1. Can you run down the residue pairs with Cβ atoms below 8 Å, 6 or more apart or on separate chains, where the first is in segment 38-63 and under 14 Å from P344 (Cβ atoms) and without any contact (Cβ under 8 Å) to a residue 24 or more places away in the chain and the partner is exposed (fewer than 12 other Cβ atoms within 10 Å of the Cβ) and not charged (D, E, K, R)?
2. Step by step: first the residues of segment 197-237, then only those that are of a type in the set (V, I, T) and at pLDDT 90 or above, then the one that is surrounded by the fewest Cβ atoms within 10 Å (Cβ to Cβ). Which residue is that?
3. When you go through K119, K109 one by one, which is the residue that is crowded, with 16+ Cβ neighbours inside 10 Å and modelled with pLDDT of 95 or more?
4. Of the conditions (1) within 38 Å of the chain's Cα centre (by Cα); (2) surrounded by fewer than 15 Cβ atoms within 10 Å (Cβ to Cβ); (3) not in a helix (DSSP H, G or I), G270 fails just one. Which one is it?
5. Taking the options I126, I130, name whichever one is at pLDDT 95 or above, in contact with a Ser or Thr (Cβ under 6 Å, 6 or more places away or on another chain), β-branched (V, I, T) and buried (at least 22 other Cβ atoms within 10 Å of the Cβ).
6. Could you say which residue among I292, I315 is at pLDDT 95 or above and either loosely packed, with under 14 Cβ neighbours inside 10 Å or farther than 23 Å from G233 by Cβ (or both)?
7. Considering segment 40-58 alone, what residues qualify as being under 19 Å from the mean Cα position of the chain (by Cα) and closer than 11 Å to R373 by Cα?
8. Are any of the residues in segment 113-124 over 18 Å from A19 (Cβ atoms) and of a type in the set (V, I, T)?
Amino acid sequence: MKKTVTVFSLEQALALPFATQRMVHLGWRVIRIESPPEENGGNPGDPNRYIGADLGYKDLHSYYIAPNVGKEAITINLKKKDGQDLLLKLIKELNVDVFLCNTMPKRYKQLGIEYKTLKKANPNIIWCSISAQGPYYPEAAGYDPALQAMMGYTFLTGESNGKPVPCGIPIIDLKSGDEAFTQVLLALLEKQKTGKGKEIFISMTQCAASWLITALPQLNFVKSESELFKRSGNEHRSFIPCNAYPTKDGMIYLAIGNDNQWSKFCSLPGFESLYKTERITNEGRMKDKENIYVEIGEISKKYTAKDFFDLCKSINLSVAPVNSIKDVAELEFIESEMINSKMPDGKNAKLFPPAYNSEFLKTNKMTLQCAPRLGENNDKILSEAGFNSDEIDNFTKNNII
């Protein structure tokens with residue numbers, strides 16, 4: 001694998017930008033491709049540029065920034081043949097190693113971004129796409145909340161007597177991005193042995209289904225779906241009594257995962273009333289879980305969150321306050337690992353911690369340049385590919401970039 005991997009990514013929204021953000025963390029060069037402004041107006045490029053808090057720049061709103069720090073950005077009008085030819089030229093001249101897209105499969109050929117087409121510019125290119133259901137369902141749209149509903153996540157989430165709800169974060173987008181990142185890494189390793197590129201299709205629905213490992217297999221072992229698959233609020237479906245409980249100053253989550261932990265919990269001073277012979281086993285506690293939840297709640301609300309936390313930790317139980325996002329940002333072990341970026345106004349923003357602190361991030365003191373403006377690097381990258389200023393101006397006049 002060469003020292004710097006060059007990536008072209010026709011990306012928008014979150015799933016693919018999250019994948020390429022992880023590539024940035026390794027020190028790879030990621031160049032995002034977007035559509036230029038069209039004559040009929042409207043917001044060009046990635047729609048996420050215009051989502052979230054207004055920072056005073058039309059194409060740089062808050063939701064777009066975090067997944068795109070450390071990247072470069074160019075615009076190419078791939079609806080035009082000249083734009084498609086330009087893409088091939090750039091892939092060849094910049095020796096692009098990886099091309100990714102999260103466009104509907106039905107548009108691959110229309111935009112000239114099929115694997116077999118881009119191989120003309122680099123026969124050994126690694127090509128990867130993320131789409132809702134892969135190439136066999138070329139017109140399926142891949143919006144996370146709808147996919148959560150389709151794939152059972154929404155059905156399983158929420159209070160037992162309430163409406164189904166999606167997860168609080170776009171979990172299928174993020175899982176799909178992680179899978180694209182993983183498969184590209186594997187393809188690069190494979191390429192070291194074979195010298196060949198690869199075509200990779202990531203299906204968001206298949207990614208989502210792969211995470212149903214605690215649900216789908218159970219269909220083999222239960223008499224009816226209603227026995228196991230229903231919304232259960234904060235409780236764990238299998239281990240009792242995992243749940244959230246009130247304290248004097250907030251909610252706290254306690255997870256008791258085995259019979260020994262339950263025995264120690266019931267031995268705490270003031271908790272002895274929880275003990276009953278029929279509750280010794282998890283199976284027995286399952287039968288009496290509603291009463292157990294109420295009884296624990298009556299005890300926990302006599303304590304502050306900190307006192308209840310400290311008491312449970314004293315016997316090595318898994319316990320945690322129900323933190324807000326602001327609380328999480330202030331956790332020392334999170335705050336110290338945040339990626340930083342300087343905004344256009346000069347202010348520093350602490351964004352998020354990486355999944356892993358790579359040597360590249362450590363060397364750069366966990367700091368990445370701000371997410372690029374629309375087409376910010378057009379002149380630089382086209383010049384790098386050998387185009388002169390007159391040619392670049394001509395591309396702009398003809399709405400190619």
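The values are calculated or read from the model by the stated rules, or taken from the named source; none is laboratory data. On a predicted model such as this, the values are computed, not experimentally measured, just so you know. Cβ atoms come from the backbone with ideal geometry, glycine included; neighbour counts cover every protein chain shown.
1. Pairs that qualify, where the first residue is under 14 Å from P344 (Cβ atoms) and without any contact (Cβ under 8 Å) to a residue 24 or more places away in the chain and the partner is exposed (fewer than 12 other Cβ atoms within 10 Å of the Cβ) and not charged (D, E, K, R), are H61/A53; S62/A53.
2. Residues of segment 197-237 that are of a type in the set (V, I, T), as a first pass: 200, 202, 205, 213-214, 222.
Filter once more, keeping what is at pLDDT 90 or above: 200, 202, 205, 213-214.
Working: I200: 19, I202: 26, T205: 19, I213: 9, T214: 11.
Filtering segment 197-237 for residues that are of a type in the set (V, I, T) and at pLDDT 90 or above, the one surrounded by the fewest Cβ atoms within 10 Å (Cβ to Cβ) comes out as I213.
3. Values: K109 fails: crowded, with 16+ Cβ neighbours inside 10 Å.
Only one candidate qualifies: K119.
4. For G270, the exception is condition (1).
5. Step by step, each of I126, I130 is checked, and only I130 is at pLDDT 95 or above, in contact with a Ser or Thr (Cβ under 6 Å, 6 or more places away or on another chain), β-branched (V, I, T) and buried (at least 22 other Cβ atoms within 10 Å of the Cβ).
6. I315
7. Across segment 40-58, the qualifying residues are D46, R49.
8. yes
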